[in-house]
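For reference, the structure discussed in these notes is given below.
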Amino acid sequence: MPNNASLRRQRALGGALGVIVLGFALLYHFFPRLFHVNPAEAPRRSMSLGAAAPGSGPQPERISAISELNAGPPLTLAPATVIASRSGRSANLPEQHSADPPEVQALLARATRALHAGQLIGDANSAAALFGRALQEKPDSRRAAQGLFDVRARMVAEIDQDIALGDADAARELLAALRTLPNANAEVTQLEAGLQTLEKVRPMLAEAAALLRRGKADQPRGGSALDLYREVQKLDPQNAVAEQGIFEVQRAVLDRALAAVAQNDFAGADRELAAAQAIRPGSQQMIDVHKRVDDMRVQRASGVLVQAHTALDAGNLGLATKLAAQARAIDPGLPALAAFGDQLTNARLYASYKPGQVFTDRYIDLPGKTPAMVVIPTGSFQMGASADDEDRIDAELPQHAVAIAKGFALARTAVTVAEFREFVRASGYVPDSVKLGGASVYDERSGALRDDSDATWQDDYSGRKADDNLPVVNVSWNDAKAYADWLGQRTGKVYRLPSEAEFEYALRGGTRSRYWWGDGTPTRTVENLTGSGDRSRSGRRWSHAFRGYRDGYWGPAPVMSFAANPFGLYDINGNVSEWVLDCWHDNYIRAPGDGSAWINPGCRSHVVRGGSWGSSPDQVDSAYRQGSNGDARSGRVGFRVVREL
């Protein structure tokens, strides 16, 4: 006799084998093609129609797909008892006049056990036979009537399941049994219609599955698995196999989207996502894959943008632009793209500075730094005076369009005495006021400029020693150019005098009026101009000045004493007039339109632009220009520099 340990081992082994067999049975039933079996050719399965085998437990409940009546998990996944209980049907029970006698109660107890064991119909021990006998013995037994109704409802649910799962043979067998039950005509008629529909859709479902295996999930149009599943749903809206097939079709399309992402083809992924959305809008797998694609899109675009930043930092503008375009193609909505686009524009036009930004360059070979520079934005303007302007002069004509396509930086103020002194001391340069002797300075007694052979760049407008924060005057065009060249040598950058077009463009500051502040006398203190309220030390006044204006200075003021123009430039049309790079030409005929300087080799006369502390209102006009010899020095003329970007 086996011992207890042997029995336990045998029971454990038997239980494990039972689980394995049950697993294979379920796989065979729901996925017969895994075993290379065609469901249309597979052996029929049927429920127990007679007595249960000795020792057998309750049979597994089937799944129905005919009536999904409430929200939540699909009713098709519930046991047949649950489906039957939620079918919405109710038994038409008789009015019972007396209690069931003991022999009827015994029959009802046996019938209930058979019902719970899945022995619905067949031999004399089936639930249907026992409930029927009880009803014969006591026609008003409500329990017997209810039991027969439950048997009928369970069989209807079983047949529903077989039809939904495409098992026509099992459904037909059960339907034949259902016909033997009383009051089943309505259900039989409905189920026969469903069975006829199943006969129509079975080959369609088989063909759809074959197309799906061959990769024809949703293409070609009119010949895909999706098209067939849709046709099945038109014939049988509750067909669970078609619904599952459509789920698999969408899964295949979503897999294509993920495959496209793996190849960095986000445009292709978007097309596949749109196709998947049209198949089953808002499905959970659709939401999940869409989020995965979006996350990978942001990650990939951000990574490419990091590479673009690296290329830009290395000065490779072309590569940075190309990488930014790739990032935009991957994710046009990436928030960081807008800021990087601005950086690219600034790099292309302003060497990574921003319009309006103020900066200085440090010297590379000795202590010190350049004057503060302001980045001037690109743009275009009409240079010169209009032919309709009554105050125009021939030198301001013809008015012509000038485009500043590349940004540049212009000194925020005119070069000061202190800044020019630093240049002279460090370089050993001898300015023309020293080398050639003297400059034209203001004479208080006559109220005009006079030549003073002792005046130098270290003196102010009247020949007295100048303060360090005054704009340097009494300098020639040669001196101004020498200073700009020296800054270039000290910084390794390109410094020069501004072109005449650059100066007028910057002076106007984007305005179209006669002056940058408007068309007439300023209503506030804006520049060091000739005002009717100004007085010299001896009480002189200007004979031709801005009426009602007073700035408090007779002669240059310290730089930045007044307002900046719209481009952030100080004293650009007042304080001192300024040398520019161009040679003098009597008019603008054949003048360049790209903002470059108009230079003739060997020219001796150069252009002076901008108003000064002693300029009449006509000479402060934004279009006003005059020429002077390159070695001329005056107490009314200074300069500022440009730094190319």
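Data overview
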item: Cα lying deepest toward the dipole's positive end in the chain, options A208, A301, L334, charges on Cβ; result: A208
item: Rg to Rh quotient for segment 203-281, alpha carbon positions, Kirkwood Rh; result: 1.01
item: Angle in degrees between helix 266-279 and the longest Cα principal axis of the chain, rounded to the nearest 10; result: 40 degrees
item: Helix axis angle, 127-137 relative to the chain longest principal axis, alpha carbon, degrees; result: 50 degrees
item: FRET efficiency, 1/(1 + (r/R0)^6) with R0 41 Å, evaluated for F247 and K406 via beta carbons; result: 0.10
item: Modelled FRET efficiency - R0 41 Å, D394 with S536, Cβ distances, 0.05 increments; result: 0.80
item: Overall Cα dimensions of the chain - principal axes, largest extent first, Å; result: 147, 59, 49
item: Spacing of the two label points (7 Å from each Cα toward its C-beta) at R590 and S453, in nm; result: 4.2 nm
item: Overall form of segment 97-199 per C-alpha gyration tensor (a/c, 1.5; a/b vs b/c); result: prolate
item: Span from the segment 409-425 Cα centroid across to the segment 476-542 one, whole angstrom; result: 14 Å
item: In Hz, Karplus ³J(HN,Hα) per residue of segment 542-548 (6.51, -1.76, 1.60; θ = phi - 60°; x = Gly, Pro); result: 7, 7, 9, 9, 6, 5, x
item: Per-pair calculated FRET efficiency, R0 = 51 Å: Q307 and R142 via Cβ, rounded to 0.05; result: 0.05
item: Between helix 142-164 and the chain: long-axis angle, C-alpha atoms, 0 to 90°, nearest 10; result: 50 degrees
item: Distance-filtered residues of segment 317-332 - backbone nitrogen under 16 Å, label point 7 angstrom along N264 Cα→Cβ; result: 319-332
item: Gain in span if fully extended, E192 to A210, counting 0.36 nm per residue against the direct Cα distance; result: 3.7 nm
item: Shape of segment 362-447, Cα gyration tensor, a/c cut at 1.5; result: oblate
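Every read-out reported here was derived from the displayed coordinates using simple, explicitly stated rules and does not represent laboratory data. The shown structure was predicted, so the numbers you read here are calculated from the model rather than taken from an experiment. Reconstructed Cβ throughout: ideal geometry from the backbone, glycine too, with neighbour counts over all protein chains shown.
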